[in-house]
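The values are calculated or read from the model by the stated rules, or taken from the named source; none is laboratory data. Here the structure is a predicted model, which means the values were calculated and not measured. For neighbour counting, all protein chains shown are included, and Cβ atoms are generated from backbone atoms with ideal geometry for every residue, glycine included. Just so you know, the surface numbers come from the protein's heavy atoms only, side chains and all, with ligands and any DNA or RNA stripped out. Shrake-Rupley method; radii C 1.70, N 1.55, O 1.52, S 1.80 Å.
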Amino acid sequence: MPVGHALSRFRLREFNRNVRLFFAFGTSINAGMALFSLLYNLYLLRLSYQEDFIGQVASMAPLATGLLALPTGILSDRLGRRPFLIASGLLLAISQVGLCLTTSPGALLAFSFVGGVAMAFVWVNHVPFLSDNAHPARRAEALAIWSALQIVVRMLLSLIGGFMPGVMGYFLGLSTEAPAPFRYALFFGAACSLLAVVPLLYASGPARRQRAAAPARLRPERADEDQPAAAPWRVFAAITALSGTRGFSMGLTYPFFNVFFEAELGVGAAAIGAIFFLSQLAGLPATFAAPTLVRRFGPTLTILPARTMGGSALGIMGAFISLPLAVPMFLLVRIGEVIDNPSDQHFSTQVLPRRYWARIQGLRVCGFQLLNFLGSLIGGTLILDYGYGAAFGLACASRIASGFTMAAFFGLRPKES
């Protein structure tokens, strides 16, 4: 399905100005993150670092995000989402430039931590921002478009980014075995992150004021917002735990995929970019299908098969170290993730009233990222000591367990709040 045709189904022009500006922000900041996801660990390999230190660097970002997620959610309820989203682009660019300019282990860990602060501002605020500004009937579509933007941008940047070190090496007169071609390619990613700030400078003020001024017919949940009620801590704890098990699985695998393809399977940067491109391309139709799947089957019956499929593919990748098998399994991992992610985000807005959205998003991000941090630390050590089979196998078990735990706690057909 062509990207333009698929996006036209969502009638982008019918979203309000704030939502469209946020999509522009997402396009730019995801471009910066995509280049770093693809190339940065390969750059660290060329600085002679191994998987254990790569795991430590990768773990700093989710640690910062996890620690700051909850306070960020509380403060954004009071101050609005926009200031935090603007700050995210600035901090991420600073972090990425620092990661390129220093080779000291301590400084690399510190700049990675700063990048995690930026990510806390994004991941905590993107769901409440879109939910506040999109019409209730189109929230799922807005979240699906956000996920689709990540896929489309990462898809294109993966394909282009894989060739960028070679191009930089040509002009610098250096081999791609040297770190400099990768460093200059990464500077382009930092520039994209900085440019993400520009669209949000033109966005309106806090979405809370916009909702207060909106017609009553567009605010069907307003009465519910004003009714006092005890915080549903049992639901909070369950959603946080489910996000944590999923984050642990991601930490064990996501930072190491590009290293796995190069160091274990002997694939070069351009080919890795092509593999990442194919994974995003394969996941694109699934992203657009996610809202329909949630509406037809409910969140549990959408998320459970997605996590089972993705987890099983991870286990197979680790058990059989083979390029012809690893590529299709990697595609299945990606398809499962792009169905899972928007469905999981929308799920918390279904089972909880609006007044808890920012708080539960903070808890979700906190649980996900702190276990992601732990997974990255453990993953690098497991890979060095026992190989990729151990890390990917543990990730498989964690991801599948999270889906079945969700089904056991919420049921196959969770009730909407």
(request) Take segment 290-309 and flag every residue that is in contact with a helix residue (DSSP H, G or I) (Cβ under 7 Å, 6 or more places away or on another chain) and either open to solvent by less than 30 Å² (accessible area, probe 1.4 Å) or not β-branched (Val, Ile, Thr) (or both). (result) Ala290, Pro291, Leu293, Val294, Pro299, Thr300, Thr302, Ile303, Leu304, Ala306, Arg307, Met309
(request) Scan segment 13-41 residue by residue and report those that are in contact with a Pro (Cβ under 8 Å, 6 or more places away or on another chain) and over 24 Å from Ala142 (Cβ atoms). (result) Leu39, Asn41
(request) For Arg183, indicate whether it is of a type in the set (Lys, Arg) and in contact with a helix residue (DSSP H, G or I) (Cβ under 6 Å, 6 or more places away or on another chain). (result) yes
(request) Report, by residue number, each residue of segment 188-218 that is open to solvent by 60 Å² or more (accessible area, probe 1.4 Å), at pLDDT below 55 and assigned to a loop (DSSP other than H, G, I, E, B). (result) Pro215
(request) Go through segment 328-359 and count every residue that is at pLDDT 85 or above and either surrounded by fewer than 18 Cβ atoms within 10 Å (Cβ to Cβ) or among the charged types (D, E, K, R) (or both). (result) 3
(request) Restrict the check to segment 65-84 and report whether at least one residue is open to solvent by less than 10 Å² (accessible area, probe 1.4 Å), closer than 24 Å to Val153 by Cβ, assigned to a helix (DSSP H, G or I) and without any contact (Cβ under 8 Å) to a residue 40 or more places away in the chain. (result) no
(request) Mind listing just one residue for me: the one in segment 337-383 that is within 16 Å of the chain's Cα centre (by Cα) and of a type in the set (S, T, N, Q) and, of those, nearest to Phe297 (Cα to Cα)? (result) Ser343
(message) Just to be sure I understand, how many residues within segment 311-336 are within 19 Å of the chain's Cα centre (by Cα) and under 20 Å from Val152 (Cα atoms)?
(response) 7
(message) Here is a check on your reading of the model: is Gly380 part of a helix (DSSP H, G or I), more than 28 Å from Leu352 (Cβ to Cβ), open to solvent by less than 60 Å² (accessible area, probe 1.4 Å) and in contact with a helix residue (DSSP H, G or I) (Cβ under 8 Å, 6 or more places away or on another chain)?
(response) yes
(request) Kindly indicate which of Leu38, Leu68 is among the hydrophobic types (A, V, I, L, M, F, W, C) and under 14 Å from Ser88 (Cβ atoms). (result) Leu68
(request) With the condition kept exactly as written, say whether any residue in segment 93-110 is within 25 Å of Ala144 (Cα to Cα), at pLDDT 95 or above and crowded, with 24+ Cβ neighbours inside 10 Å. (result) no
(message) Pairs please, first residue from segment 277-305 and over 14 Å from Leu332 (Cβ atoms), second anywhere and of a type in the set (Phe, Trp, Tyr) and crowded, with 18+ Cβ neighbours inside 10 Å, Cβ atoms under 7 Å, 6+ apart in sequence or on different chains.
(response) Pro299/Phe347; Thr300/Phe410
(request) Tell me, yes or no, whether segment 77-93 has at least one residue that is under 23 Å from Ile239 (Cα atoms) and either touching a Ser or Thr at 6+ places or on another chain (Cβ under 9 Å) or among the β-branched types (Val, Ile, Thr) (or both). (result) no
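Residues checked against (1) closer than 19 Å to Ala263 by Cα; (2) part of a helix (DSSP H, G or I); (3) touching a strand residue (DSSP E or B) at 6+ places or on another chain (Cβ under 8 Å); (4) not basic (Lys, Arg):
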{"position": "Ser312", "(1), (2), (3), (4)": "no, yes, no, yes"}
{"position": "Ile316", "(1), (2), (3), (4)": "yes, yes, no, yes"}
{"position": "Ala326", "(1), (2), (3), (4)": "yes, yes, no, yes"}
{"position": "Arg334", "(1), (2), (3), (4)": "no, yes, no, no"}
(message) Go through segment 85-112 and report how many residues are part of a helix (DSSP H, G or I) and either of a type in the set (S, T, N, Q) or under 30 Å from Asn18 (Cβ atoms) (or both).
(response) 14
